[in-house]
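Here it is: the structure, laid out below.
The values are calculated or read from the model by the stated rules, or taken from the named source; none is laboratory data. From a predicted model like this one, the values you see are computed outputs, not experimental measurements. Glycine gets a Cβ as well: all are built from the backbone with ideal geometry, and neighbour counts include every protein chain shown. Protein only, heavy atoms only, side chains kept; ligands, DNA and RNA dropped before computing areas. Shrake-Rupley method; radii C 1.70, N 1.55, O 1.52, S 1.80 Å.
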Amino acid sequence: MSGRSPLHTRPKPEKIGKNILAVMANLTCVMFAFAILIFTLIAAIYKPEDPHLSQPTFTSDHTIAKTSDDYLNLRPSTQTGFSDDGASNVSTSSGLECVGNSDEPIDCINPEVFHLMMRVTIEMFKDVHFYKFGKPVRGSNSSTCDMAWRYRPKEGNLNADAFNKDYRRFVISRNEDCSFNVVGVGEYHTGLNARKPKKGNQRGFEKMNTSSKQAESSAGVVGGLFSDRKKYLVYTGGGDRCKSMNHYLWSLSCALGEARYLNRTFVMDFSVCLSSKYTASNQDEEGKDFRFYFDLKHLMDSGSVTEQGQFWFEWEKWERRGGQGLYLVEDFRVTPMKLADVKDALIMRKFGLVEPDNYWYRVCEGETESVIHRPWHMLWKSRRLMDIVSGITSRMNSDFDSVHVVRGERAKNTELWPNLAADTSPNALLSSLQNKIEQGRDIYIATNEPNTSFFDPLMDKYGTHFLDDYKDLWNESSVWYEVTRKLNNGIAVEFDGYMRISVDTEVFLRGKKRIETFNDLTSDCKEGINACPSIS
């Protein structure tokens, strides 16, 4: 019998591989099921040891791990409130046992004291945005600290670059537990030690002598001295002197604009003639310092300007050395465009006697008007006057509305303003304001009405404030009085009519709501019945 028995037949290799894989899969499933069974049984019968009865297996760690609650407890706790008399009872406590003596002097630079003073200030003046706080300094004694800050009211028509300044004296006490209390805050500008002194003068007052005045006036020239590499423009003569301040500024801005166009340094007379309309004597008054009314430093920082007296002194010496010449222009109709190529060191515009052709502003009329741009940004009001503005608004916590009431000679002239007197009477004002300003609000009344008792009927519905309510800001004991007296060679300076107008206007503009006479209170036109704007 040939061939092999089926019992001796070998399986094929591919079938062997498949069989092995099948067996391994079955074993894996069985083992997985068995493991699950074991884990289930252990979980059912296991009881964890009570952690309160267990013995420690690690050495003890005696260090303290601080949590966020711990850090919160280390921060000074704060309680804020104000007493009826306006004193703050804000306090701060370190939460630590007091190590020092509670009678020791207050350390004004202590961060806790600094932060406390800031919090008190922010709480007192809720209607302002604070820009920057200065570091506190010691006040008049060991329990007072002075601090300065810059701020801007939250509402109001303000120059984007302008910040009000304030500095006050804080009276601070310390308790046995090291907590600090602010027990009182002074009035506006009481913290004199927080004032930033001007360079070279520890008291912060500007020196007033010939050399310092020349040094300040030469700041607009490169290198601070007269330079034969620069070119200059000067205006002389004309009928602008002793005119209204608006006329003066309109002409001065034209001259500054031409100097900028020609890329020349403007030679300027810093002595102002104040028109009789602003003086108590009803006479024109010469010799007023430009710095009484305007910010000279800003003017010179903003453009190239030099003082006339110093310039002519240097020019005379330069001329003797054979310097470049002078180009004389005696007709205002010679435009700045025609002077652009002049090579002489000095262009002098000389104005005659015949008005109005001798007014400086005539240079900027006609075809020049579209070329010369008056640099109004160079002309800011005096920092001394703006300090008074800040003082007034601070006392009203920058939370007030303002009303401009024009009366005076206009109210008497019924031909040009037939309704003005009646429309600005107390009863008419109450009727006009009731729908414009909420009852009970503080209102600042900017007015040329000399008798402020005229507005007494408004006091039943509003808290009324007037410029003369704040005379202490410019009286003989004020900072303004001391500074202007020093500028004026030790002679007292009158707080004149133009200063009053400047401050009145600036405070008015800081009101949250502003009510104008000719736009809101009367149907009369600002310039009279013959000057009403045409209605198209």
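Subtract the Cα-Cα distance of A422 and R150 from 0.36 nm times their separation in residues, and report this length gain in nm to one decimal.
93.7 nm
Find out how many positive minus negative residues lie around I372, taking Lys and Arg as positive, Asp and Glu as negative, among other residues whose Cβ is under 15 Å from that of I372.
Net of charged neighbours comes to +3.
Just the number: Rg to Rh for segment 271-363, Cα atoms, Kirkwood Rh, two decimals.
1.02
In whole Hz and in residue order, list the ³J(HN,Hα) couplings for segment 491-507 that follow from phi through the Karplus curve 6.51 cos²θ - 1.76 cosθ + 1.60, θ = phi - 60°; x for Gly and Pro.
9, 4, 10, 6, 7, 7, x, 6, 4, 4, 5, 4, 5, 4, 5, 5, 5
Where in segment 249-292 does the amide nitrogen come within less than 18 Å of the point 7 Å from the Cα of V342, taken along Cα to Cβ?
252-269
Treating only the Cβ atoms of Lys and Arg (+1) and Asp and Glu (-1) as charged, compute the dipole magnitude of segment 430-536 about its Cα centre; round to the nearest 20 debye.
360
Set the Förster radius R0 to 22 Å, insert the Cβ-Cβ distance between E187 and K513 as r into 1/(1 + (r/R0)^6), and round the FRET efficiency to 0.05.
Given R0 = 22 Å and the Cβ-Cβ separation, E is 0.25.
Turning to a different aspect of this structure: FRET efficiency for I122 and S523, Cβ-Cβ distance as r, R0 = 45 Å, nearest 0.05?
Computed FRET efficiency for I122 and S523 comes out at 0.50.
Classify segment 380-445 from the C-alpha gyration tensor, please: rounded if a/c falls under 1.5, else prolate or oblate depending on whether a/b exceeds b/c. Don't skip to the answer; put the middle values down first.
Numbers: a/c = 4.06, a/b = 1.45, b/c = 2.81.
The shape class here is oblate.
Now a separate question. With every protein chain left in place, what is the accessible area per residue of segment 331-478 in square angstrom, probe 1.4 Å?
Each residue of segment 331-478 exposes 50 Å² on average to a 1.4 Å probe.
Against the empirical 2.2 N^0.38 Å scaling, what ratio does the C-alpha Rg of segment 365-498 come to?
On the way: Rg = 19.1 Å, N = 134, 2.2 N^0.38 = 14.1 Å.
Normalised Cα radius of gyration, segment 365-498: 1.35.
What is the distance, in nm, between label points placed 7 Å from the Cα along the Cα-to-Cβ direction at E355 and at D301?
Here the answer is 3.7 nm between the modelled labels.
Pop a pseudo-label 7 angstrom from the Cα along the beta-carbon direction at both R395 and K461 and give the gap in nm to one decimal.
Result for the modelled spin labels: 2.6 nm.
7 Å from Cα along Cα→Cβ at both R241 and V371: what's the point-to-point distance in nm?
Using points 7 Å along Cα→Cβ, the separation is 2.9 nm.
Right, next: Indicate the gyration tensor shape class of segment 329-428 (rounded, prolate or oblate), computed on the Cα atoms with a ≥ b ≥ c the square roots of the eigenvalues: a/c under 1.5 is rounded; otherwise a/b larger than b/c is prolate and the rest oblate.
The shape class here is oblate.
Taking all pairs of different Cα atoms in segment 431-524, averaging 1/r and flipping that mean, what Kirkwood radius in angstroms comes out? Don't jump to the answer; show the numbers that get you there.
Values: mean 1/r = 0.0654 Å⁻¹.
One over the average 1/r among Cα pairs gives 15.3 Å for segment 431-524.
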